[in-house]
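To start, the structure under review is shown below, and the notes come after it.
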Amino acid sequence: MDFELSVEQKMIVETASDIARDFGPEYWREKDKKHEFPEDFWKALVEAGFTGIVIPEEYGGSGMGMFEMILAMETLTSEGCGLAGTWFLCLTSIFGGVSITKHGNEQQKEKYLPKIAKGMEFCLALTEPDAGTNTLNTKTMAVKEGGEYVINGEKIFISGADRAGGMLLVARTTPKEKAPKRTLGLSLFLVDLPNPAVEVIPIEKHGINYSKTCQVFINDLRVPEENLLGEKDKGWYHVVDTLNPERMSFSAAAAGIGLLAIKKAVEYAKERRVFEVPIGSHQAIQFPLAEAKAKIEAARLLNYKAAWLYDKEQPCAAEANMAKVAAVEAGTWAVYHAMQTFGGYGYAVEYDVERWWREVNLIRLAPVTHQMALAFIGQHVLGLPKSY
Ligand SMILES: Cc1cc2nc3c(=O)[nH]c(=O)nc-3n(C[C@H](O)[C@H](O)[C@H](O)COP(=O)(O)OP(=O)(O)OC[C@H]3O[C@@H](n4cnc5c(N)ncnc54)[C@H](O)[C@@H]3O)c2cc1C
């Protein structure tokens, strides 16, 4: 793996830094407080071409890969945007751009990719209230009627569904009991939104209040058969190609938030004097921050490896899961100790650390829970018996 960045990669980092400076912590404090979508930030990402990073040039993108996407996300996040620096790009570029680039036919690529490169928002409707982590228990059903699929079901925690123009929907096309194998029977659909058959209800949540996460009720939704993405019944295998980059994106976010928190904590620890000397001279303050930095840099390297493997079309699930575990451990450790460094001020909204704490903790729960990522490593990397 060669870590010398190309001219284009350096440009991505520089552009991301510039954008992050324009939309720093104060901006996100306000957006989070007011529960307001960051229209001008989104516009800046689109104008910079970030929504097209992973989209092939012939469809209006820059034809780069996950490695470049990770560079953009990590920089936006660590230079001031927090989770927002990753979140919106993940919704659009990974759920829409990566999925369609990887599994779309020519017609689907021509229809969606140029629009995504220009900022068409997307969402992923995978999680269901009853199935939870167990995606193979998906109940949303798509039944073929003539040239259409009629879809009914319910989804939960669907981020960005309130605004998205497109939805990657996971539904069952063969009932579980009739599927020849438990991993067969799910399919992916591209759904144009808004649609009267898709009811979207935002859920009140703990953080990331500048973006809505929603309950989605699907009632007799009619989708033309040409909107089936990839092969019928093989959706489980296809969606993994989206879920691994999603994991890499959230690892970039965890590492980025950690770096942001460390930077702010270090600045504060140099200034703040309580017993005559700066608090940063005490090992109790300094060492956890040093440890956080070391942990984050290790997690970043693992995430780069995952992205590099993905771009080379090599198996990357082990690295994607290990990077996610390492990055969220490092990120939460960093923000926790940043909060300790700030003392009582760490709890005050004005210092931003409490917001990053709310944001980084999500990455333990989503896109894959910490436990399920560990279960993957236990089973597929260490070769231990399946634990569930
Ligand atoms: C803010 C937010 C945004 C989200 N955005 C999206 C989105 O855009 N699209 C989407 O499809 N989903 C989204 N999700 C859903 C998210 O991916 C799920 O919440 C997550 O996968 C966990 O599912 P669950 O909440 O049903 O937990 P459950 O599956 O009910 O699990 C509960 C707990 O039990 C543990 N557990 C369950 N089974 C096992 C086992 N076998 N071994 C060990 N531990 C186990 C889990 O690790 C977890 O700690 C989002 C969630 C949140 C909170």
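The values are calculated or read from the model by the stated rules, or taken from the named source; none is laboratory data. Just so we're clear, the structure is a prediction, and the values are computed from it rather than from any experiment. For neighbour counting, all protein chains shown are included, and Cβ atoms are generated from backbone atoms with ideal geometry for every residue, glycine included.
Residue-wise test of (1) within 16 Å of the ligand (Cβ to nearest atom); (2) not acidic (Asp, Glu).
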residue: GLU276; (1), (2): no, no
residue: VAL349; (1), (2): no, yes
residue: GLU354; (1), (2): no, no
residue: LEU362; (1), (2): yes, yes
residue: ALA366; (1), (2): yes, yes
- prompt: What residue, of GLU148, GLU110, is buried (at least 16 other Cβ atoms within 10 Å of the Cβ) and touching a helix residue (DSSP H, G or I) at 6+ places or on another chain (Cβ under 8 Å)?
  reply: GLU148
message: Taking the conditions exactly as written (surrounded by 13 or more Cβ atoms within 10 Å (Cβ to Cβ), out of contact with any helix residue (DSSP H, G or I) (no Cβ under 8 Å at 6 or more places or on another chain) and assigned by TED's automatic domain parsing to the domain that holds VAL360), does SER251 satisfy them or not?
response: no
- request: Keeping to region 90-114, report how many residues are out of contact with any strand residue (DSSP E or B) (no Cβ under 8 Å at 6 or more places or on another chain) and away from the ligand (no atom under 16 Å from the Cβ).
  value: 10
query: Does any residue of region 61-68 turn out to be within 12 Å of the ligand (Cβ to nearest atom), crowded, with 23+ Cβ neighbours inside 10 Å, touching a residue at least 24 places away in the same chain (Cβ under 8 Å) and not small (Gly, Ala, Ser)?
result: no
message: Looking at ILE94 and the list (1) out of contact with any Pro (no Cβ under 7 Å at 6 or more places or on another chain); (2) touching a residue at least 60 places away in the same chain (Cβ under 8 Å); (3) under 28 Å from ALA171 (Cα atoms), which single condition is not satisfied?
response: (1)
field: Complete set of residues in region 122-157 that are over 24 Å from ARG182 (Cβ atoms) and either in contact with a Gly (Cβ under 6 Å, 6 or more places away or on another chain) or within 12 Å of the ligand (Cβ to nearest atom) (or both)
entry: PHE122, CYS123
- request: Filter region 202-231 for residues that are within 14 Å of the ligand (Cβ to nearest atom) and hydrophobic (A, V, I, L, M, F, W, C) and give the result.
  value: ILE203, ILE208, CYS214, VAL216, ILE218
Residue that is farthest from the ligand (Cβ to nearest atom) [pool: residues in region 158-181 that are outside any strand (DSSP E or B), touching a strand residue (DSSP E or B) at 6+ places or on another chain (Cβ under 6 Å) and of a type outside the set (Val, Ile, Thr)]: ASP162
query: Within the set of pairs 6 or more residues apart or between chains, which connect a residue that is touching a residue at least 40 places away in the same chain (Cβ under 8 Å) inside region 112-134 to a residue that is assigned to a strand (DSSP E or B) and within 6 Å of the ligand (Cβ to nearest atom) with Cβ atoms less than 7 Å apart?
result: CYS123/ILE158; CYS123/SER159; ALA125/ILE158
message: Looking at the structure I just gave you, is ALA307 closer than 17 Å to GLY82 by Cβ, among the hydrophobic types (A, V, I, L, M, F, W, C) and surrounded by 20 or more Cβ atoms within 10 Å (Cβ to Cβ)?
response: no
message: Can you find, within region 368-383, the residue that is farthest from MET322 (Cα to Cα) among those that are away from the ligand (no atom under 13 Å from the Cβ) and free of Cβ contacts under 8 Å to residues at least 24 places away in the same chain?
response: GLY383
query: From the residues in region 182-206 that are touching a residue at least 24 places away in the same chain (Cβ under 8 Å), under 23 Å from the mean Cα position of the chain (by Cα) and not in a strand (DSSP E or B), which one is surrounded by the most Cβ atoms within 10 Å (Cβ to Cβ)?
result: LEU193
field: Per-region count, region 210-226, residues surrounded by 18 or more Cβ atoms within 10 Å (Cβ to Cβ) and either of a type in the set (S, T, N, Q) or over 30 Å from TRP357 (Cα atoms) (or both)
entry: 5
query: Out of ASP130, ASP162, which single residue is surrounded by fewer than 22 Cβ atoms within 10 Å (Cβ to Cβ), under 20 Å from PHE88 (Cβ atoms) and out of contact with any Leu (no Cβ under 8 Å at 6 or more places or on another chain)?
result: ASP162
message: Report every pair of residues separated by at least 6 positions or lying on different chains whose Cβ atoms are under 8 Å apart, first residue within region 231-247 and touching a residue at least 40 places away in the same chain (Cβ under 8 Å), second of a type in the set (Val, Ile, Thr) and part of a helix (DSSP H, G or I).
response: TRP236/THR135; VAL239/THR135; ASP241/VAL98; THR242/ILE94; THR242/VAL98; PRO245/ILE94; PRO245/VAL98; GLU246/ILE94
Close pairs (9 angstrom Cβ cut-off, 6 or more residues apart or separate chains): farther than 13 Å from LEU76 by Cβ and touching a residue at least 24 places away in the same chain (Cβ under 8 Å) in region 26-49, outside any helix (DSSP H, G or I) and of a type in the set (Lys, Arg) anywhere: HIS35/LYS212; PHE37/ARG163; PHE37/LYS212; VAL46/LYS118
